[in-house]
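Each remark here refers to the structure printed beneath this line.
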Amino acid sequence: MSLLVVGVSHRSAPIAVLERAAVPVADTARVLGELLSREPIAEVLLLTTCNRIEIYALVNSFHGGLAEATNILAQHSGAALAQLSKYLYVHYEGAAVEHLFSVAAGLDSMVVGESQILGQLRTAYSIARQAGTVGRTLHEVVQQALRVGKRVRTETAIDAAGVSVVSEALADATAVLRATGRADLTGCRALVIGAGTMAGLVAAHLRRIGMPEIVFANRTLVAAQRLVATCLAHNIFARTVGLDGIDGVLATADMVICCTAAAEAVLSTEQISSSQNRRQRPLVICDLGLPRNVEPTVGELPDVTLLDLAALGGCPGRRPAGSGAISAAQHLVRQEANKYVLAQRAGDVVSTVVALRRRATEVVDAELLRLDGRLPDLDAAVRNEVARTLRRVVDKLMHVPTVRIKQFAERDDGGVYADALRELFQLNPQTAAVITQCAPLTRPQSDDGQALRKPANV
């Protein structure tokens, strides 16, 4: 079994493609179930953010796993496989581990060093765990990725500025307002549409820049009211409205930030045009949704500035930490990835050695049983000496191969030797894996709580 990554991100595809490939939170468990039902895939996790959709899968074959993962992505996006494939990237085995660690470290983010990705990775893991599609291997690699991400931020200056897509968007939005004469934001009002994790980040940034009034609009008001309570505790005036109250707030808002998980636009060109006719002053809109929360034609309206992920993606890595910090982070990620791969390879070798010794013990026991059948009256002392002699012979024959295979595990091609040993002696390392407690953490379950079953030929 090896780790496979198949994904599409802001680095490989335009926003329009990301929108089509995006998986809404409500559909994630279903897509994970589809992936797990495919024969080559044993464990799977889906990481979906505002600028990436990635499948992390434990597969028993590279080509089979790749075919199933890309087919499901294409089916979900409604795009032809040939059309989607030119935007996809693939990582396998050690390269897949290094990519995951880089993602967790913020090195692959639109804004290098942003820390929001750690929370998004935890959320992806939690959803997959609840769906029953994460086993011991993905559990271990994700937990290590989270540790590496924290270590990068602790030991390097990559996130010294604390930037993120949110902070970049709000910095640009604030600059637009100030360019229109609102230098100190006095009298400004912000409308935040959405009340999830990203809305919480938006609220925190708005408090930092001194936004005097914030209105939160959401389908359900409970989550929005929690954000209001936090703002009020920081002496920022805030209130909530339902989605049906957005039009009334648009007429007096100076900044609008959309960050919902809606599958369709929540702000139309007609809505904004109508509000502009009433307000007669500039408006800046930040669309942080994927798919888009705001119709793209809104940006063509007079006195309206639309800042979306496409605009931010035009300058990836803006205001990153210094190149020295990035190099240090990359070095740490490579170091941790190599260490993890070697540890996994060593564990694989250990299970192979355990299986080999188990096979040798079974052969000796079988021959001793055969001896008992042929010489039932054999003196017990003689029988015990024969048994000890057989076991000493086996131990001596096994000693050099055991030592050498452990040494080979430290080499890049060490896995080849373990595979050869399994093939030569027809070993099943999974049996040893059970002995060394490498069984899955959970038994995969479907949406109705029933255990998911792999095909009978697995």
### Task
State yes or no: is D184 assigned to a loop (DSSP other than H, G, I, E, B), out of contact with any Cys (no Cβ under 6 Å at 6 or more places or on another chain), in the same structural domain as A223 (by TED's automatic domain parsing) and on the phi < 0 side of the Ramachandran plot?
yes
### Task
Kindly list the number of the only condition in (1) touching a strand residue (DSSP E or B) at 6+ places or on another chain (Cβ under 9 Å); (2) modelled with pLDDT under 95 that fails for G196.
(1)
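Consider V103 carefully, then state whether it is under 19 Å from S167 (Cα atoms), in contact with a helix residue (DSSP H, G or I) (Cβ under 8 Å, 6 or more places away or on another chain) and touching a residue at least 60 places away in the same chain (Cβ under 8 Å). Write out each step before concluding.
Details: under 19 Å from S167 (Cα atoms): yes; in contact with a helix residue (DSSP H, G or I) (Cβ under 8 Å, 6 or more places away or on another chain): yes; touching a residue at least 60 places away in the same chain (Cβ under 8 Å): no.
No.
For the structure I just gave you, tell me whether E270 is surrounded by fewer than 23 Cβ atoms within 10 Å (Cβ to Cβ), among the acidic types (D, E) and at pLDDT 90 or above.
Details: surrounded by fewer than 23 Cβ atoms within 10 Å (Cβ to Cβ): yes; among the acidic types (D, E): yes; at pLDDT 90 or above: yes.
It is true that E270 is surrounded by fewer than 23 Cβ atoms within 10 Å (Cβ to Cβ), among the acidic types (D, E) and at pLDDT 90 or above.
Look at A67 and say whether it is assigned by TED's automatic domain parsing to the domain that holds G135, surrounded by fewer than 19 Cβ atoms within 10 Å (Cβ to Cβ) and farther than 30 Å from R334 by Cα.
Working: assigned by TED's automatic domain parsing to the domain that holds G135: yes; surrounded by fewer than 19 Cβ atoms within 10 Å (Cβ to Cβ): yes; farther than 30 Å from R334 by Cα: no.
When the stated conditions are applied, A67 does not pass them.
Tell me, please, whether a residue that is aliphatic (A, V, I, L, M), in contact with a Gly (Cβ under 7 Å, 6 or more places away or on another chain) and either within 26 Å of A29 (Cβ to Cβ) or in contact (Cβ under 8 Å) with a residue 60 or more places away in the chain (or both) can be found in region 123-142.
Kept after step one, since they are aliphatic (A, V, I, L, M), are these residues of region 123-142: 124, 127-128, 131, 134, 138, 141-142.
Of the ones still in play, those that are also in contact with a Gly (Cβ under 7 Å, 6 or more places away or on another chain) are 131.
After this cut, where a residue has to be either within 26 Å of A29 (Cβ to Cβ) or in contact (Cβ under 8 Å) with a residue 60 or more places away in the chain (or both) as well, the list is 131.
Yes: region 123-142 contains one or more residues that are aliphatic (A, V, I, L, M), in contact with a Gly (Cβ under 7 Å, 6 or more places away or on another chain) and either within 26 Å of A29 (Cβ to Cβ) or in contact (Cβ under 8 Å) with a residue 60 or more places away in the chain (or both).
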### Summary
Being surrounded by 12 or more Cβ atoms within 10 Å (Cβ to Cβ) and at pLDDT 85 or above narrows L375, L356, L369 down to just L375
### Query
Taking region 75-93 only, how many residues are modelled with pLDDT under 90 and surrounded by 17 or more Cβ atoms within 10 Å (Cβ to Cβ)?
3
### Summary
Among (1) within 17 Å of the chain's Cα centre (by Cα); (2) modelled with pLDDT under 90, A157 falls short only on (1)
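With respect to V148, determine if the residue is touching a residue at least 24 places away in the same chain (Cβ under 8 Å) and not assigned by TED's automatic domain parsing to the domain that holds A29. Reasoning before the result, please.
Values: touching a residue at least 24 places away in the same chain (Cβ under 8 Å): yes; not assigned by TED's automatic domain parsing to the domain that holds A29: no.
No.
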### Task
Restrict the check to region 169-189 and report whether at least one residue is at pLDDT below 90, touching a helix residue (DSSP H, G or I) at 6+ places or on another chain (Cβ under 9 Å) and of a type in the set (S, T, N, Q).
no
### Task
Scan region 294-316 residue by residue and report those that are touching a Gly at 6+ places or on another chain (Cβ under 9 Å) and modelled with pLDDT under 90.
D308, L309, A311
### Query
Restricting to region 204-224, what's the tally of residues that are crowded, with 16+ Cβ neighbours inside 10 Å and among the polar types (S, T, N, Q)?
1
### Query
Is one or more of the residues making up region 48-56 under 27 Å from A171 (Cβ atoms), part of a helix (DSSP H, G or I) and within 14 Å of the chain's Cα centre (by Cα)?
no
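The values are calculated or read from the model by the stated rules, or taken from the named source; none is laboratory data. Just so you know, these numbers come straight off a predicted model, no measurement behind them. Note that each Cβ is placed from the backbone with ideal geometry, even for glycine, and that neighbours are counted across all protein chains shown.
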